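One structure is given below, encoded as structure tokens.
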Ligand code: 6R9
């Protein structure tokens with residue numbers, strides 16, 4: 001089922017890369033055999049410290065505890081800005097490409113410094129102190145990066161909430177982290193449409209009495225509600241303060257940010273990352289995995305609302321003094337050639353995107369790609385979900401003209417930085433495989449009985465030793481961290497993903513083994529969609545599973561049991577889908593909703609998700625044993641009315 005044909009490291013790719021195959025082996029071995037020496041060297045090379053650390057690391061994987069560069073002091077914004085000023089003050093730090101192809105902006109490191117200092121002073125003037133949480137609900141504009149760095153500068157902890165989330169989801173996140181300040185924009189602009197961000201903030205804040213300040217960037221000039229004492233315009237406030245702000249010396253283990261992510265149960269978890277280890281891992285991986293060289297233009301298409309935007313639009317590239325491109329729009333607006341036009345326009349060297357985007361563009365044919373030159377491209381990256389070999393080959397041959405290595409990077413919000421990926425020039429590629437572990441990463445496979453799988457085989461993917469950008473806690477609930485990640489297998493971190501290891505020690509990620517769906521690279525827990533559905537008056541019970549989707553990777557399939565007295569109708573279906581969008585966000589809208597008089601349950605009352613998944617995937621011949629069901633007739637009924645048929 002897996003292609004074993006390898007793409008040898010081409011001569012062109014090998015030339016000038018930071019490492020060759022021997023270099024990777026040597027550094028990887030050192031990172032495992034002499035970790036303290038390895039990490040001390042890297043930490044001194046990639047990060048500037050205000051005070052040296054006394055100990056490289058201390059961890060206890062059974063309790064989910066990790067501390068890196070103990071007693072070290074540093075400031076992330078100083079590392080991403082100030083230390084570059086002498087050498088590259090005039091170099092472009094951020095290229096902003098607007099949704100409208102006629103709009104762009106270049107921000108030099110010197111301007112970045114001024115913008116970040118000003119906003120940091122605004123936050124201070126509004127009473128924000130070290131350790132306080134600040135919520136960012138922003139479109140893809142440079143001010144989003146300024147805001148993250150301004151928080152880091154004064155030691156405030158940012159919690160970025162993706163602009164596609166609903167007011168309710170925003171409210172939950174503001175309350176969970178007890179944010180008192182929100183930074184937003186009047187509207188966002190995506191694909192020619194405006195997104196009412198400030199309006200959503202207004203709705204969310206109805207239930208957040210402790211928020212005393214909302215800073216709003218004027219992006220479109222739309223009419224918005226205004227509260228005299230609470231609301232300030234970004235541009236007015238920044239103009240009124242000093243352009244200098246000393247960076248706060250932070251302990252290596254002080255929190256840098258919280259980012260909410262979906263799990264298999266309950267509400268989203270606030271993944272907490274700290275300062276020193278996170279920054280080092282983001283910078284180190286950006287340097288080696290993208291083989292970044294000084295002066296290159298690097299473009300990651302993620303949204304800053306996801307971890308990929310944190311580590312690979314903002315922190316990793318800026319820590320390395322790179323030029324990072326930030327794109328406000330979508331790959332298909334104004335047409336399907338947009339990404340390639342942007343690559344030519346800004347002479348992009350490294351392009352990092354998600355398989356869902358690659359598949360969507362692939363479906364539109366080669367013509368839009370071939371209308372561009374893409375001669376500046378040197379490297380292609382993939383992240384967010386498994387990339388199917390067909391999409392990989394298209395990316396490599398059509399987009400990259402069979403000349404640019406494809407780095408398939410496996411990692412998670414919780415890991416903070418890339419964990420498994422090829423290094424250009426060092427690793428032979430296999431389409432569909434994330435290949436080998438990054439430095440210091442010790443992956444392993446465990447079977448369902450808790451035994452380690454050695455050599456070639458399948459299993460649940462775990463990480464055996466601490467790494468610098470490891471999740472430190474689930475905000476406000478450390479027990480949940482232990483239960484979710486460190487209890488399935490004793491003493492190791494459980495990723496929630498399944499994987500296969502082949503004869504070359506390459507990893508092939510097969511997808512989540514828990515109840516987390518991956519829709520267009522966005523994580524969403526089945527439990528979240530279910531809770532949204534049952535909140536609706538017409539719904540008695542709901543069960544949600546994933547099924548394969550050509551473009552999105554997975555689609556959402558919901559089985560819904562109506563309340564007694566409710567007559568199922570097409571109008572109600574439309575209403576339910578819209579209801580989920582409102583509750584969670586548009587990306588969580590179910591693709592299929594099947595009415596059912598009941599759900600298949602075991603005699604002890606547990607929903608048989610395995611069977612629901614098979615029916616949703618139209619895999620009826622492998623339905624398995626249904627004899628333990630309380631009412632086997634339900635299954636017949638579900639099969640008869642199933643919606644996703646081949
Ligand atoms: C960075 C990011 C994490 C989940 C992860 C896995 C899936 C990410 C992948 C991949 C196969 C890859 N995933 N990268 N699966 N190959 N290269 O996406 O973080 O949003 O937390 O999602 O995404 O299932 O567990 P996050």
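Tabulated data for the structure shown
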read-out	value
For residue 345: the one exception among (1) touching a helix residue (DSSP H, G or I) at 6+ places or on another chain (Cβ under 9 Å); (2) within 22 Å of residue 91 (Cβ to Cβ)	(1)
Residue in the range 301-321 that is part of a strand (DSSP E or B) and crowded, with 24+ Cβ neighbours inside 10 Å present	no
Scan of the range 356-383 for residues that are within 12 Å of the ligand (Cβ to nearest atom) and modelled with pLDDT under 95, ordered by number	356
Verdict on residue 581 being more than 16 Å from the ligand (Cβ to nearest atom) and either more than 23 Å from the chain's Cα centre (by Cα) or in contact (Cβ under 8 Å) with a residue 12 or more places away in the chain (or both)	yes
Of all residues making up the range 450-487, the number that are within 19 Å of residue 265 (Cα to Cα) and not in a loop (DSSP other than H, G, I, E, B)	11
Test: residue in the range 531-540 that is within 21 Å of the chain's Cα centre (by Cα) and either within 12 Å of the ligand (Cβ to nearest atom) or closer than 17 Å to residue 261 by Cα (or both)	no
Residue 517 being more than 14 Å from the ligand (Cβ to nearest atom), touching a residue at least 24 places away in the same chain (Cβ under 8 Å) and closer than 17 Å to residue 265 by Cβ	no
Filter result for the condition that a residue is in a loop (DSSP other than H, G, I, E, B) and surrounded by 17 or more Cβ atoms within 10 Å (Cβ to Cβ), over 504, 514, 537	514
Residue within the range 242-260 that is assigned to a loop (DSSP other than H, G, I, E, B) and modelled with pLDDT under 95 present	no
For residue 401: the one exception among (1) at pLDDT 95 or above; (2) within 11 Å of the ligand (Cβ to nearest atom)	(2)
Residue selected from the range 427-449 under the condition within 22 Å of residue 353 (Cβ to Cβ) and assigned to a loop (DSSP other than H, G, I, E, B), by the criterion nearest to the ligand (Cβ to nearest atom)	434
The range 150-187: number of residues that are more than 22 Å from residue 318 (Cα to Cα) and assigned to a loop (DSSP other than H, G, I, E, B)	8
Residue list for the range 550-575, filter: in a helix (DSSP H, G or I) and in contact with a strand residue (DSSP E or B) (Cβ under 6 Å, 6 or more places away or on another chain)	573
Residue 512 being within 10 Å of the ligand (Cβ to nearest atom), within 21 Å of the chain's Cα centre (by Cα) and free of Cβ contacts under 8 Å to residues at least 60 places away in the same chain	yes
The range 521-530 - residue that is buried (at least 20 other Cβ atoms within 10 Å of the Cβ) and outside any strand (DSSP E or B) and, of those, nearest to the ligand (Cβ to nearest atom)	521
Residue 638, sole failed condition from (1) touching a strand residue (DSSP E or B) at 6+ places or on another chain (Cβ under 6 Å); (2) in contact (Cβ under 8 Å) with a residue 60 or more places away in the chain; (3) farther than 22 Å from residue 514 by Cα	(1)
Contacts under 9 angstrom Cβ, first residue in the range 380-404 being in contact (Cβ under 8 Å) with a residue 60 or more places away in the chain and assigned by the TED database to the domain that holds residue 432, partner assigned to a helix (DSSP H, G or I) and more than 16 Å from the ligand (Cβ to nearest atom), 6 or more apart	403/12; 403/13; 404/12; 404/13
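The values are calculated or read from the model by the stated rules, or taken from the named source; none is laboratory data. Quantities reported herein were computed from a predicted structural model and do not represent experimental measurements. Neighbour counts run over all protein chains shown; Cβ positions are idealised from the backbone, glycine included.
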